[in-house]
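**Student:** Have a look at the structure that comes next, please.
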Amino acid sequence: MVEKVILAAPRGFCAGVVRAIDIVNIALQTYPKPVYVRKEIVHNQHVVQELREKGAIFVEELEEVPSGKTVIFSAHGVSPAVREDARLRNLNVIDATCPLVTKVHLEAGRYAKKDYTIVLIGHQGHDEVVGTMGVAPENIRLVEDIDDVESLTVDTPKVAYITQTTLSLNDTRQIIEALRAKFPHIEGPAADDICYATQNRQMAVRQMAGQTDLVLVVGSTNSSNSNRLVEEAEKCGAKQAYLIDDVEGIRPEWLQEVRTVGISSGASAPENLVKEVVQFFRAKGAKVEELVTTTENVQFNLPKNLVRDMQAVPAS
Ligand code: SF4
């Protein structure tokens, strides 16, 4: 019987996700409908569905957006080719790329200009990785693990690395060590490009996991940072760890002989979904406590063109 729930903190929405969702909501009130969003604005099906119900139209590619309409780029960022395509299609672009992803794009651009081979540590096919690779497709080589480092060859004297923002801290450190061993002169950011939100959520889950029999991470299956939280929990002593979209995802067989449940959520998972999971256990008599490992107060500004257009809309 579950006696205790430990809630990891920080968890849930990061500043980049809050900004991206705000951008869609404001755009829906500022521009003539429909407003289009290229790709999932953030990787959470509940968030996407809620915005869809408010009128946002989600598309995979810009060719689905009629000329002259408003399109929002997702928090994961886009390649320069997509920006150019939007310009040629005369689209009104509102860019919800997280500023911490933009920082990685700028790093890639700087290295590419100086003819570096850029090793991008990340997951093949993830929207963020696709966008970052598009910044310098000729220069960037993707590595996903240490095996990829071993088989990597470069044909320039200068080599640098950059990383996806939502990776496992420990795995990335090991890959960077392997890169440094293979290319002693490799350059890169002081630590890595893993963002503050990913780091903080992983640290909180690590501290919590050892005190629990089961860890539940609220998040969608295509959310990179949420999947990493499940892996961290498994590595740090949780007997079981699962990713669930919402309370409906809890399976009764997971709860057998479980006394303490740890709960966290990915950076794109709304807190109301976590509350429903907590309520599920509270209703069974479990006590709830929060394990706070750090606090966050990061905020990002809205895109300037959105702020300008929003201020130009007459008050109703
Ligand atoms: Fe930005 Fe990190 Fe949030 Fe991604 S997880 S949107 S990089 S703050």
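**Student:** Could you count how many residues in segment 192-213 are without any contact (Cβ under 8 Å) to a residue 60 or more places away in the chain and buried (at least 21 other Cβ atoms within 10 Å of the Cβ)?
**Tutor:** 3
**Student:** Here is a list: VAL101, VAL59, VAL48. Which entry is in contact (Cβ under 8 Å) with a residue 40 or more places away in the chain and not small (Gly, Ala, Ser)?
**Tutor:** Of VAL101, VAL59, VAL48, the one residue that is in contact (Cβ under 8 Å) with a residue 40 or more places away in the chain and not small (Gly, Ala, Ser) is VAL101.
**Student:** Just the residues that are crowded, with 17+ Cβ neighbours inside 10 Å and either of a type in the set (Gly, Ala, Ser) or away from the ligand (no atom under 16 Å from the Cβ) (or both), please, taken from segment 70-82.
**Tutor:** THR70, VAL71, SER74, ALA75, GLY77, SER79, VAL82
**Student:** From the list ALA233, ALA238, ALA269, which residue is away from the ligand (no atom under 15 Å from the Cβ) and outside any helix (DSSP H, G or I)?
**Tutor:** Only one candidate qualifies: ALA238.
**Student:** Then there's this: Right, GLU248: loosely packed, with under 15 Cβ neighbours inside 10 Å, in a helix (DSSP H, G or I) and out of contact with any strand residue (DSSP E or B) (no Cβ under 8 Å at 6 or more places or on another chain) or not?
**Tutor:** yes
**Student:** Looking at this structure, is ALA56 of a type in the set (A, V, I, L, M, F, W, C), in contact with a helix residue (DSSP H, G or I) (Cβ under 6 Å, 6 or more places away or on another chain), modelled with pLDDT of 95 or more and closer than 26 Å to THR163 by Cα?
**Tutor:** no
**Student:** Hey, can you tell me all the residues within segment 203-230 that are assigned to a helix (DSSP H, G or I), within 16 Å of the ligand (Cβ to nearest atom) and over 19 Å from HIS76 (Cβ atoms)?
**Tutor:** MET203, ALA204, VAL205, VAL230 - these are the residues of segment 203-230 that are assigned to a helix (DSSP H, G or I), within 16 Å of the ligand (Cβ to nearest atom) and over 19 Å from HIS76 (Cβ atoms).
**Student:** Take segment 272-303 and flag every residue that is polar (S, T, N, Q) and within 16 Å of the ligand (Cβ to nearest atom).
**Tutor:** If the condition is that a residue be polar (S, T, N, Q) and within 16 Å of the ligand (Cβ to nearest atom), then THR294, THR295, ASN297, GLN299, ASN301 are the ones that fit.
The values are calculated or read from the model by the stated rules, or taken from the named source; none is laboratory data. Everything numeric here is computed off the predicted structure, so don't read it as measured data. Backbone-built Cβ (ideal geometry, glycine too); neighbour counts: all protein chains shown.
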